[in-house]
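Visitor: Next up is a structure, given as structure tokens.
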Amino acid sequence: MTKKTTVIFCLFSAVLFYTVSGESCDESLCERPSCVCASQGSPEGLKVEDTPQLVMLTFDDAVNVVNFPDYQELLMTGRKNLRSNCPILATFFVSHEYTDYSLVHELWRHNNDISIHSISHLPNTEYWKNANKTIWEEELGGMRKIISKFAKVPESDIVGVRAPFLQTAGDVTFEVMKSLNFLYDSSMPTREKTNPPLWPYTMDYGFQQNCQIAPCPKLTYDNFFIVPMVNYFKKLEIAPGHFLNIPCAMADACLPLPETEDETFQYLKENFERHYTTNRAPLPLFLHQAWLHNPERKKGYFKFVDWLLQKDDVFIVTIREALEFVRNPKPIDEYRQVCKSVKSSTCAPNPCSYSETPLNGPRNMQCCTTCPANYPWLWNVEGK
């Protein structure tokens, strides 16, 4: 078996597919803005060419001095959407360990969205799959409290969730997210509904896509959004002139990894075109900053972003702003993006060191408050 064949076999043999869906969504009863049916069409009958193309940039995991320079370069050096002249924005799914909360505050005050990626981010999918409500409440609600306290971000501004390794416990997780008043989840990949892509939808009629990572929710959740992780595809040459499209839930997971600036740009552009030329469902550009450690790949990513910003019908926005559009879709001539001013900082960065922690080793943490007595962690999120 060749190396390429092995990669293909491993990718496809590791994935189980299920079909899980609620009852059919009745558009005469499911009315915006509180209820949105799952759709691969255009919202409210908009023509494709009249629909703003929204692009959602997201980054997962800790925010710290290692990755913040790339975030700063991307978001704080004057990049703006062409038509609105508003700064481009991103969404950050933050986990606790190694996070510098003064930098989270800096991202937030520049109007980027801060969302939840758990406290522990344990690399054990069985833990997340089998976790009960109490654990999920602590991992999600506790992380919101940590961010609010130590980064000085209002809890009401923290409205989104992405499960670690995209592994939920099905309805257990969704019941917790709903009870904690989160607005949306963005943990659920779809490989089936990619061409044309699936729009974000509310779960008033249940889960309306293929179940790529079981268990998936089976109940309904009024006015709670799924922001589907519409799969990307990367071309793999399996024989001279013969290609296979390798799917991935996040843009940085498609193999083989692009290695040059042009290859990266073309890979991102091809996936963008599938949205732009079909129904203009919001484009998910979901990744981890580590993907940009390759200098050529970083150049290709920034080239792609700058190429998008030459189009007056493309807007790079937070997930929350994309959902506001989904609730109240407007043709591009009526779409008014509101530019937000940078907030004043209320953070005085304070370095904290702990020789003993629940993690069986020392940890450092920079926060916007006085240092807590103990390292914040599960069951002691305030570090008392």
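The values are calculated or read from the model by the stated rules, or taken from the named source; none is laboratory data. Just so it is clear, the structure is predicted and the values come from calculations on it, not from any experiment. All Cβ positions, glycine included, derive from the backbone under ideal geometry; neighbour counts span all protein chains shown. Accessible surface is based on the protein model in full, side chains and every heavy atom, while ligands, DNA and RNA are left aside. Shrake-Rupley method; radii C 1.70, N 1.55, O 1.52, S 1.80 Å.
Visitor: Any residue at all in the stretch 241-250 that is over 17 Å from K269 (Cα atoms) and in contact (Cβ under 8 Å) with a residue 12 or more places away in the chain?
Guide: Yes: one or more hits.
Visitor: Taking the stretch 272-281 on its own, how many of its residues are open to solvent by 10 Å² or more (accessible area, probe 1.4 Å), part of a helix (DSSP H, G or I) and of a type outside the set (F, W, Y)?
Guide: Number of matching residues: 2.
Visitor: Just to be sure, is D312 among the acidic types (D, E), more than 21 Å from I158 (Cα to Cα) and within 25 Å of the chain's Cα centre (by Cα)?
Guide: yes
Visitor: Go through P284, P372, P376 for me and flag whichever is open to solvent by less than 50 Å² (accessible area, probe 1.4 Å), under 19 Å from the mean Cα position of the chain (by Cα) and under 28 Å from L103 (Cα atoms).
Guide: Being open to solvent by less than 50 Å² (accessible area, probe 1.4 Å), under 19 Å from the mean Cα position of the chain (by Cα) and under 28 Å from L103 (Cα atoms) holds for just one of P284, P372, P376, which is P284.
Visitor: Another question about this same structure. For the stretch 212-234, give me each residue that is among the hydrophobic types (A, V, I, L, M, F, W, C), assigned to a strand (DSSP E or B), closer than 20 Å to P197 by Cβ and touching a helix residue (DSSP H, G or I) at 6+ places or on another chain (Cβ under 6 Å).
Guide: The one that is among the hydrophobic types (A, V, I, L, M, F, W, C), assigned to a strand (DSSP E or B), closer than 20 Å to P197 by Cβ and touching a helix residue (DSSP H, G or I) at 6+ places or on another chain (Cβ under 6 Å): F225.
Visitor: Shifting gears a bit: Any residue at all in the stretch 76-85 that's open to solvent by less than 30 Å² (accessible area, probe 1.4 Å), polar (S, T, N, Q) and part of a strand (DSSP E or B)?
Guide: no
Visitor: Another one. Just the residues that are in a loop (DSSP other than H, G, I, E, B) and over 25 Å from W379 (Cβ atoms), please, taken from the stretch 86-132.
Guide: Answer for the stretch 86-132, where residues must be in a loop (DSSP other than H, G, I, E, B) and over 25 Å from W379 (Cβ atoms): C86, I88, L89, A90, H110, N111, N112.
Visitor: Could you run through the stretch 160-184 and say how many residues are in contact with a strand residue (DSSP E or B) (Cβ under 7 Å, 6 or more places away or on another chain) and closer than 29 Å to S344 by Cα?
Guide: Going through the stretch 160-184 one residue at a time, the tally reaches 6.
Visitor: Which is open to solvent by 20 Å² or more (accessible area, probe 1.4 Å), assigned to a helix (DSSP H, G or I), touching a Leu at 6+ places or on another chain (Cβ under 8 Å) and not small (G, A, S), of K303, K311, K298, K269?
Guide: On inspection, the qualifying residue turns out to be K298.
Visitor: Continuing with the same structure: Please work out which one of (1) closer than 21 Å to D252 by Cα; (2) open to solvent by less than 10 Å² (accessible area, probe 1.4 Å) is the condition Y201 fails and give its number.
Guide: Only one criterion is unmet by Y201, namely (1).
Visitor: Quick one: which of L103, L107 is closer than 28 Å to H293 by Cα, among the hydrophobic types (A, V, I, L, M, F, W, C), touching a Phe, Trp or Tyr at 6+ places or on another chain (Cβ under 8 Å) and open to solvent by less than 10 Å² (accessible area, probe 1.4 Å)?
Guide: L107
Visitor: Next question, about the same structure. Kindly provide the set of residues from the stretch 83-102 that are of a type outside the set (D, E, K, R) and farther than 18 Å from T318 by Cβ, ordered by number.
Guide: S95, H96, Y98, T99, Y101, S102
Visitor: With respect to G141, is the statement that it is modelled with pLDDT of 95 or more and out of contact with any strand residue (DSSP E or B) (no Cβ under 6 Å at 6 or more places or on another chain) true?
Guide: Yes: the conditions hold for G141.
Visitor: Out of the residues in the stretch 325-345 that are under 22 Å from the mean Cα position of the chain (by Cα) and buried (at least 16 other Cβ atoms within 10 Å of the Cβ), which is farthest from C30 (Cα to Cα)?
Guide: Q337
Visitor: Among all residue pairs at least 6 apart or on different chains, which show Cβ distances below 7 Å where the first residue, located in the stretch 340-363, is within 17 Å of K149 (Cα to Cα) and the second is among the charged types (D, E, K, R) and in a loop (DSSP other than H, G, I, E, B)?
Guide: What qualifies is T346/K152; C347/K152.
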